[in-house]
Ligand SMILES: Cc1cc2nc3c(=O)[nH]c(=O)nc-3n(C[C@H](O)[C@H](O)[C@H](O)COP(=O)(O)O)c2cc1C
Ligand SMILES: C=C(O[C@@H]1CC(C(=O)O)=C[C@@H](OP(=O)(O)O)[C@H]1O)C(=O)O
């Protein structure tokens with residue numbers, strides 16, 4: 001069992017949805033960096049609940065209190081950074097029935113077996129999407145650090161309820177692709193509902209609202225790119241950038257699929273089509289296109305890294321569902337109470353960015369070629 005991720009830059013997440021607070025401890029952050037707290041607050045607000053019609057109505061400030069890890073000048077000081085996020089707007093009575101009648105699609109029943117009935121069921125306990133708030137603190141700081149090194153990370157809603165957004169231009173095969181990708185990433189910065197095509201965004205929001213009104217939920221796909229990574233970051237066989245990212249991204253509750261580059265479509269392509277030919281570049285061979293999504297052999301190629309995650313429809317829906325009363329062993333009908341996201345994907349966008357930043361930061365510090373090792377001032 002582990003709520004810790006990373007090798008050199010290690011992040012531990014703690015708390016439950018309805019405990020006094022949730023938070024993270026991040027060890028191994030390079031010293032001497034001053035996080036921009038205003039920017040971190042704006043980043044946290046993109047994930048925070050209770051702001052938008054596509055969100056759970058539970059309203060939380062999600063203002064992190066950093067209790068250690070910064071010096072009096074507000075710079076990372078080398079000591080573990082601990083951040084705490086308060087839980088204030090809890091309504092635990094909504095969850096009383098679930099110990100007896102578990103929700104289909106949530107972790108209630110398997111965790112009852114694993115933790116022998118001692119689990120905190122309220123709000124999903126440690127399995128709640130709420131635990132992604134501290135991930136956004138840790139990852140939000142890493143995003144800022146990476147940017148100082150020329151690495152940018154941005155994500156959007158590639159799909160919601162089957163409605164597709166304009167895709168990110170990560171393949172680089174069209175003329176002007178790199179500039180187009182930069183413009184797309186700039187357009188997504190700080191967007192409340194991060195899509196590139198406003199019409200698609202409207203159709204997505206309408207689909208979410210329709211599901212909510214029908215006591216149901218919808219899923220989506222979050223697509224993320226990272227640019228500016230040097231070539232050669234990662235390590236075989238199990239510390240490749242794909243391995244590290246997949247492990248971390250599957251830690252985000254409701255993520256059910258992860259693909260890199262052209263992903264599952266690669267299975268129906270020919271080698272002649274999927275291979276990215278090399279052309280001469282400033283630092284050696286450079287992929288002319290990017291079906292690999294910036295990773296070969298688990299190592300970065302220097303091309304934009306592209307990862308997409310499938311987010312399932314929220315399991316806690318208002319419609320009556322079939323379950324079992326575990327006290328009697330009889331079939332039971334469950335009506336889930338409480339306040340829930342009708343679609344998780346929009347609020348998962350900054351979470352995917354945060355997790356990617358955290359993993360890439362760790363990979364750069366731990367698994368870089370010698371001349372690119374991350375050291376302050378290097
Ligand atoms: C930002 C975020 C918000 C979420 N909100 C809800 C919610 O309101 N209701 C719910 O049932 N699940 C929600 N989830 C998903 C559950 O926590 C998740 O489905 C559950 O823990 C089971 O894990 P699994 O889906 O990964 O198997 C949310 C996830 C995230 C990332
Ligand atoms: C509070 C957040 O999301 C929660 C995630 C969640 C779940 O089951 O994952 C269930 C709901 O919890 P509650 O019943 O306590 O309102 C959501 O509101 C958050 O993301 O900050």
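Every number in this text was worked out from the coordinates using simple rules, so none of it is lab data. Worth saying up front: this structure is predicted, and the values here are computed from it rather than measured. Reconstructed Cβ throughout: ideal geometry from the backbone, glycine too, with neighbour counts over all protein chains shown.
Go through the stretch 17-48 residue by residue and tally those that are closer than 14 Å to residue 134 by Cβ, buried (at least 22 other Cβ atoms within 10 Å of the Cβ) and in contact with a strand residue (DSSP E or B) (Cβ under 7 Å, 6 or more places away or on another chain).
4
Within the bounds of the stretch 342-356, is there any residue that is in a loop (DSSP other than H, G, I, E, B) and in contact (Cβ under 8 Å) with a residue 40 or more places away in the chain?
yes
Within the stretch 60-103, restricting attention to residues that are within 23 Å of the chain's Cα centre (by Cα) and within 12 Å of ligand 1 (Cβ to nearest atom), which residue is surrounded by the most Cβ atoms within 10 Å (Cβ to Cβ)?
62
Which of the residues that make up the stretch 236-272 are surrounded by fewer than 20 Cβ atoms within 10 Å (Cβ to Cβ), within 17 Å of the chain's Cα centre (by Cα) and more than 17 Å from residue 359 (Cα to Cα)?
Within the stretch 236-272, 256, 257 qualify.
Across the stretch 228-260, what is the total count of residues that are in contact (Cβ under 8 Å) with a residue 60 or more places away in the chain and in a loop (DSSP other than H, G, I, E, B)?
Of the residues in that region, 13 qualify.
Given 125, 201, which one is within 16 Å of ligand 2 (Cβ to nearest atom) and either in contact with a helix residue (DSSP H, G or I) (Cβ under 7 Å, 6 or more places away or on another chain) or in a helix (DSSP H, G or I) (or both)?
Only one candidate passes the filter, namely 125.
The conditions are (1) in a loop (DSSP other than H, G, I, E, B); (2) free of Cβ contacts under 8 Å to residues at least 12 places away in the same chain; (3) out of contact with any strand residue (DSSP E or B) (no Cβ under 9 Å at 6 or more places or on another chain), and residue 79 fails exactly one of them. Which is it?
Exception for residue 79: condition (3).
Within the stretch 165-180, can you find the residues that are in contact with a strand residue (DSSP E or B) (Cβ under 7 Å, 6 or more places away or on another chain) and farther than 16 Å from residue 262 by Cα?
Of everything in the stretch 165-180, just one residue is in contact with a strand residue (DSSP E or B) (Cβ under 7 Å, 6 or more places away or on another chain) and farther than 16 Å from residue 262 by Cα, namely 165.
Here are 334, 299: which of them is surrounded by 19 or more Cβ atoms within 10 Å (Cβ to Cβ), more than 20 Å from the chain's Cα centre (by Cα) and closer than 22 Å to residue 237 by Cβ?
Details: 334 fails: closer than 22 Å to residue 237 by Cβ.
Residue meeting the stated conditions: 299.
In the stretch 302-331, which residues are within 12 Å of ligand 1 (Cβ to nearest atom), part of a strand (DSSP E or B) and buried (at least 23 other Cβ atoms within 10 Å of the Cβ)?
The answer is 309, 311.
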